[in-house]
Amino acid sequence: MDLEKDTYIDLKNITKEIRKKLIYMHYKANASHIGSAFSIVDLLTVLYFKILNIDPNNPTDPERDRFILSKGHAASAWYAILAERGFFDKKILEQYGIDNGLLPEHPDRLSVRGIEASTGSLGHGLPIGVGIALAGKIDNKKYRTFVLMSDGECQEGSIWEAAISASRFKLDNLIGIIDANKLQAYEKTDNIQSISSLINKFKDFGWEVIEINGHDLKEIFVTLNNLPLRRNKPTMIIANTIKGKGIKIMENNLEWHYKSPKKEQIEEFIKEIGEAN
Ligand SMILES: [Mg+2]
């Protein structure tokens, strides 16, 4: 099943709203990691509006699909999508990254509804996801567990311990998504561990792996709407993305791992987002 034209337009508009909100949030908090947040907006939009079996009014339903943002430094994008989906009041987004605010720059499970795990210490989301998915199998539950990771994060050893366990336990209810933007804090990921080697490693570790365009809403939807890729195997989706996607001067620019928008840039950034195809 493909995306209906109207649905595609609706989703596209949501991605623009989220990116605009992120500009204001990062400016106000003077927070880093806007590039990391922008690269996952399209993935989060399709997940939260078309794929995940969730109910904002019943956020702890035992049958709900679980989503974990393992690359916790991109928490602003998670908060913005949760607010857009109705998990909490959008006004709370103004508390992102400010002293004594409700929304810390890395996610806290006890902060607002919809945050399934506290993350930010990289490499922990997939092991947590393995535990939740295994519990689901043992309890005969139908829910699925999605873990969104960064490409640089896959240099953590805990990722590979989790990868071994997931195939050992035949967790076809576990879906990993790698935000493959090819950049990490100080480096190109290719200089440390390339995406092609990641693909081969996950295959060797017993996962079913697929590579997609992480900004193509239709491709994301079609892929996520046809899971698992293979019965009795965990799925790894390598989503090729662009760090800072949506603002030309941020795209593929290592500086925007740390920089935040300046007041005089806000208007032009909002305009650029609004005019994007
Ligand atoms: Mg990266």
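Every number in this text was worked out from the coordinates using simple rules, so none of it is lab data. What you see is a predicted model; the values in this text were computed from it and never measured. Every residue, glycine as well, gets a Cβ built from its backbone with ideal geometry; the counts of neighbours run over all protein chains shown.
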Suppose we filter region 1-28 for residues that are surrounded by fewer than 18 Cβ atoms within 10 Å (Cβ to Cβ), touching a residue at least 40 places away in the same chain (Cβ under 8 Å) and assigned to a loop (DSSP other than H, G, I, E, B); how many remain? 2
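When the residues of region 131-150 are narrowed to those that are more than 16 Å from the ligand (Cβ to nearest atom) and of a type in the set (V, I, T), which ends up surrounded by the fewest Cβ atoms within 10 Å (Cβ to Cβ)? Talk me through it step by step, then tell me what you get.
Going through region 131-150, the residues more than 16 Å from the ligand (Cβ to nearest atom) turn out to be 131-146.
Pick out the ones that are also of a type in the set (V, I, T) and you get 132, 138, 145.
Values: I132: 20, I138: 9, T145: 26.
In this case the residue turns out to be I138.
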Out of A80, A31, A37, sole residue that is within 30 Å of L254 (Cβ to Cβ), touching a residue at least 60 places away in the same chain (Cβ under 8 Å) and assigned to a helix (DSSP H, G or I): A80
From the residues in region 144-196 that are closer than 18 Å to G123 by Cβ and acidic (D, E), which one is nearest to the chain's Cα centre (by Cα)? D179
Look through region 222-267, keep the residues that are within 19 Å of I177 (Cβ to Cβ) and among the β-branched types (V, I, T), and return whichever of them is surrounded by the fewest Cβ atoms within 10 Å (Cβ to Cβ). V222
Six or more apart or on different chains, Cβ atoms under 8 Å: show the pairs whose first residue is in region 151-164 and surrounded by 16 or more Cβ atoms within 10 Å (Cβ to Cβ) and whose second is charged (D, E, K, R) and assigned to a helix (DSSP H, G or I). I159/E153; W160/K201; A163/K201
Selection from region 224-269 of residues that are assigned to a strand (DSSP E or B) and more than 19 Å from T45 (Cα to Cα): T235
Test set (1) β-branched (V, I, T); (2) more than 15 Å from V147 (Cα to Cα); (3) away from the ligand (no atom under 16 Å from the Cβ) - V46 fails condition number: (2)
Can you confirm whether S111 is touching a residue at least 12 places away in the same chain (Cβ under 8 Å), over 19 Å from L47 (Cβ atoms) and away from the ligand (no atom under 16 Å from the Cβ)? no
Across region 72-130, which residue is surrounded by the most Cβ atoms within 10 Å (Cβ to Cβ) among those that are among the aliphatic types (A, V, I, L, M) and more than 23 Å from T15 (Cα to Cα)? L126
Residue tally, condition touching a residue at least 60 places away in the same chain (Cβ under 8 Å), away from the ligand (no atom under 11 Å from the Cβ) and part of a strand (DSSP E or B), over region 165-209: 4
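Within the group L44, L52, L69, which residue is more than 11 Å from the chain's Cα centre (by Cα), among the hydrophobic types (A, V, I, L, M, F, W, C) and closer than 27 Å to I238 by Cβ? Show your work before the answer.
On the way: L44 fails: more than 11 Å from the chain's Cα centre (by Cα); L69 fails: more than 11 Å from the chain's Cα centre (by Cα).
That would be L52, the only listed residue that is more than 11 Å from the chain's Cα centre (by Cα), among the hydrophobic types (A, V, I, L, M, F, W, C) and closer than 27 Å to I238 by Cβ.
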Evaluate the following for D65: is it surrounded by fewer than 16 Cβ atoms within 10 Å (Cβ to Cβ) and of a type in the set (D, E)? no
